[in-house]
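Notes follow once the structure below has been shown.
Derivation of every value follows stated rules applied to the coordinates shown; laboratory data play no part. Remember, predicted model here, so these are calculated numbers, not experimental data. Using ideal geometry, Cβ is built from the backbone for each residue, glycine included, and neighbour counts are taken over all protein chains shown.
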Amino acid sequence: LSTNTYDDGALEDAKNFRNDPTTPVKQNATLLMLVRNWEVQGALQSMRSLEDRFNKEYNYDWTFLNDVPFDKVFIEATTAMASGKTNYAVIPKEDWDCPEWIDQKRFNQSLQLMQEENIVYGNSRSYRNMCKFNSGYFFRQKVLDNYDYYFRVEPNVEYFCDFPYDPFKIMKEKNKKYGFVIAIYEYEDTIPTLWESVEEFIDIKGDELGLDLDNSAYDFITDFEIYGSNKFLIDSNTNYNLCHFWSNFEVGDLNFYRSNRYIEFFEFLNEKGGFYYERWGDAPIHTLAASILLHRDEIIHFDEIGYEHAPFRTCPRSYFMRLSQRCQCDYSGENNVDIEFNSCLSRWWKNGSGKKFVKEL
Ligand code: GDP
Ligand code: MN
């Protein structure tokens, strides 16, 4: 097959490739959306796109989570849109609300300060609940008990290409625990003390939990080499380079989150109060967890999936793939964050998956 950009014959190959008949084998997995009733149109938009580009061939279940009950309109419209079975679950208050031990005075001061500093969602209480929930509680919901894998979907996202494979199958067969498409830099002001807390966790718990940082993706999150215009991004007072997998898209192994390692990691951080006193996002939490608790080979970058969650999009690198998968996206220019200054993907290529290769040379 031609895989190089603008290869002669790529179009013909692409069309033949599409005609290759495959029999879908379903994994024990669900598409998963945390969403509010009023976001129903955005939810439908995302569903239509993912159904069209992937799920209509597989009919995976959809699971919807909400901190309040879903209304009839939401349930009927999303069930009508789904090719698979649909589950709807309400999140227990203790998994969502601000815990009682959080100092309300300190919390209120943080909300006010972050609003004054114009930090995105800086003054939002519910956003903090959401980030804490997505960090430490989504995988404990009863409705997910019988699944092994989840694929996170958000309202108002789009998938630009037909999926060339079932990402769940890749996860299973290649023993992957965490899959992503976009990696970018976090706003440092939302996580001023996160990294020092993670370092403390490694010091206190690392040996007991048998962490193997040498074979983890630790270098991906701490690489200090500077390339051109990236410079200002790591003018930082932390050793964490702020790279994170953009968690609005993720495919993950639920058993990783259910593991003693992950639970200990989450509880340790949760006790610091940073989900409320600062505004720790679930993306850096998942990223730091995956990068220190997993073997680097257990993390996968899905290069063949085209995706957009405003304001960023990603498009497959291979010209052949873009044809064969009927992509509606462009690899070059502003239409693709992967090769822009604010993407961490080059660090992933160098220090994540590519590291072993570089070492072998
Ligand atoms: P952003 O992507 O960081 O701008 O944040 P979003 O507003 O998209 O929120 C992330 C995800 O959590 C989306 O799937 C939202 O629908 C969901 N979400 C955010 N806040 C709430 C909430 O208060 N209740 C529920 N049920 N879902 C929420
Ligand atoms: Mn979003």
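Odds and ends about this structure:
- Distance between region 82-101 and region 22-53 - C-alpha centres, whole angstrom: 17 Å
- Within-9-Å neighbourhood charge of Ile299 [Cβ basis; K, R +1; D, E -1]: +1
- Shape call, region 256-361: gyration tensor on alpha carbons, a/c limit 1.5: prolate
- Residues of region 35-49 with amide N under 11 Å of a point placed 7 Å along Cα→Cβ from Tyr88: 37
- Least to most buried among Arg36, Arg152 (fewest other Cβ within 10 Å first): Arg36, Arg152
- Diffusion coefficient (Stokes-Einstein, Kirkwood radius over C-alpha pairs, 25 °C, 0.890 mPa s) for the chain: 115 µm²/s, rounded to a whole number.
- Taking each of Lys15/Lys176; Lys142/Lys272; Lys85/Lys172; Lys142/Lys205; Lys105/Lys205; Lys132/Lys350 in turn, the alpha-carbon distance tops 24 angstrom for Lys15/Lys176; Lys142/Lys272; Lys142/Lys205; Lys105/Lys205; Lys132/Lys350.
- Whole-Hz couplings from phi, Karplus 6.51/-1.76/1.60, listed for region 157-166; x for Gly and Pro: 10, 9, 10, 8, 9, 4, 6, x, 7, 8
- Taking every alpha-carbon pair under 8 Å whose residues sit at least 6 apart, the chain reaches a relative contact order of 24 percent.
- Remark: Tyr307, Tyr319, Tyr88 ranked as Tyr88, Tyr319, Tyr307, counting other beta-carbon atoms within 10 Å and listing the fewest first.
- Ranking of Phe302, Phe168, Phe107 by count of other Cβ atoms within 10 Å, fewest first: Phe107, Phe302, Phe168
- Tail weight of P(r) past 12 Å, computed on alpha-carbon pairs of region 29-68, percent: 60 percent
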